[in-house]
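Student: Here it is, the structure in full.
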Amino acid sequence: MSGHLEALLRGPKAYALARKALEVMETQGAWPTALNYELWLHFVAAKDTPLGEALVEHIASGAPFTEAMAESLAAKHLPHMRLNGELLTAGDALSKELDTVSRAIESARESNEAYGERLASASQALDGSTPPAITAMVQNLTSATQRIQQENESLETRLADTTAEVTRLRKHLEAVRIEAMTDGLTHLPNRRAFDQALERALKAADAKGETLSLAVIDIDHFKSFNDTWGHQTGDQVLRYVASVIARAGEGVRTAARFGGEEFALILPGDDMRSALAIAEQVRQEVASRVLKRRSTSDDLGTVTVSIGLAERSAGEPPAQLIERADAALYASKRGGRNRSTGAPAIAAAA
């Protein structure tokens with residue numbers, strides 16, 4: 001949060017700003033999540049910032065304000081979200097540097113061993129077949145070599161300890177990276193991990209000349225469910241739906257929590273027909289189970305999902321693919337929910 005906004009929120013205009021932010025959010029159909037509130041609070045406080053200008057452009061477009069859009073704007077404009085990305089980038093660079101150091105340590109150890117072996121071999125070849133002066137010189141060289149070998153052994157011990165520490169740091173760094181790329185509630189990859197996975201999948205599809213489809217999945221009436229049963233039960237529903245989607249995302253596919261109650265499935269090699277079949281399996285499995293509230297065993301009824309799909313056109317960028325899948329999702333919502341809808345194919349250029 002910027003210093004200017006921080007000052008405003010501690011001044012006489014604070015409550016007026018908060019009320020105005022909530023009013024704008026309601027007008028734009030943005031759910032009152034902490035992230036959305038922070039974004040729109042920035043907007044009402046300063047429209048002339050890059051974030052304010054982006055939200056003004058969104059309002060002018062008339063498009064719905066989605067969780068995916070909130071995540072994207074936050075990653076680009078909110079300082080603490082950018083810091084998370086910078087930390088991940090720095091972590092990747094550190095991991096590569098540690099790998100270089102580890103290889104250098106191993107190379108030094110091998111060189112020291114070879115040096116000692118060559119000196120020992122030379123000493124044995126000269127022993128007993130040379131004049132006294134040379135013999136004395138060889139003995140001095142041998143003594144010096146032994147000292148060097150002892151020092152090398154000590155160095156190798158320290159190097160081994162350092163290598164072990166480098167390995168430990170690398171494992172810790174990888175654990176931190178995985179945690180930063182994983183949604184804490186559902187244990188699915190989060191939005192940042194999804195974006196990276198989609199980029200990789202599109203590059204692979206281009207390289208292989210294969211198709212790829214994207215499914216965006218939203219839990220129907222989730223806000224009403226949360227309001228009725230509470231957030232803990234809502235979390236239970238999110239984990240249940242995530243578990244179904246995770247099973248569909250095994251193998252080369254990638255399942256992710258897209259944001260809020262939205263999920264996504266990247267389907268490499270699947271055209272619209274096979275993607276719709278996978279989506280229908282997910283939709284039917286989610287709706288097939290009557291859920292119970294863990295704390296009271298009350299029947300919660302069934303949960304349904306709406307799904308939008310888009311088959312990628314050759315060379316289509318990720319943002320456009322996501323936008324088309326999102327549009328198909330809203331078509332499912334408008335069509336009565338609990339259904340899967342495929343986006344129309346992009347017309348070929350003349």
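The values are calculated or read from the model by the stated rules, or taken from the named source; none is laboratory data. Keep in mind the model is a prediction, meaning the values are calculated, not measured. No Cβ is skipped: glycine too gets one built from the backbone with ideal geometry, and neighbour counts run over all protein chains shown.
Student: Taking the residues in region 176-204 that are of a type in the set (A, V, I, L, M, F, W, C) and surrounded by fewer than 17 Cβ atoms within 10 Å (Cβ to Cβ) as candidates, determine which candidate is farthest from the chain's Cα centre (by Cα).
Tutor: ALA204
Student: Here is a further query. Which residues, taken from region 211-252, are over 17 Å from ASN190 (Cβ atoms), in contact (Cβ under 8 Å) with a residue 40 or more places away in the chain, part of a helix (DSSP H, G or I) and not β-branched (Val, Ile, Thr)?
Tutor: Scanning region 211-252 gives LYS223, PHE225, TRP229, GLN232, GLN236, TYR240.
Student: Let me ask something else about it. Can you tell me which residue is surrounded by the most Cβ atoms within 10 Å (Cβ to Cβ) among those in region 284-304 that are in contact with a Ser or Thr (Cβ under 9 Å, 6 or more places away or on another chain) and within 29 Å of ALA68 (Cβ to Cβ)?
Tutor: Of everything passing the filter in region 284-304, VAL286 is surrounded by the most Cβ atoms within 10 Å (Cβ to Cβ).
Student: Let me ask you something else. Only one residue in VAL305, VAL286 is within 14 Å of ILE219 (Cβ to Cβ) and within 24 Å of the chain's Cα centre (by Cα). Which one?
Tutor: VAL305
Student: Considering only residues that are in contact with an Asp or Glu (Cβ under 9 Å, 6 or more places away or on another chain) and outside any loop (DSSP other than H, G, I, E, B), look in region 22-43 and name the one that is modelled with the lowest pLDDT.
Tutor: Ranking the qualifying residues of region 22-43, first place goes to LEU35.
Student: Could you tell me whether any residue of region 243-265 is β-branched (Val, Ile, Thr), touching an Asp or Glu at 6+ places or on another chain (Cβ under 8 Å) and buried (at least 19 other Cβ atoms within 10 Å of the Cβ)? Quick ask: steps written out before the conclusion?
Tutor: Quick first cut of region 243-265, residues β-branched (Val, Ile, Thr) only: 244-245, 252, 254.
Then drop every residue that is not touching an Asp or Glu at 6+ places or on another chain (Cβ under 8 Å), which leaves 244.
With buried (at least 19 other Cβ atoms within 10 Å of the Cβ) added as a condition, the list becomes 244.
Scanning region 243-265 turns up at least one residue that is β-branched (Val, Ile, Thr), touching an Asp or Glu at 6+ places or on another chain (Cβ under 8 Å) and buried (at least 19 other Cβ atoms within 10 Å of the Cβ).
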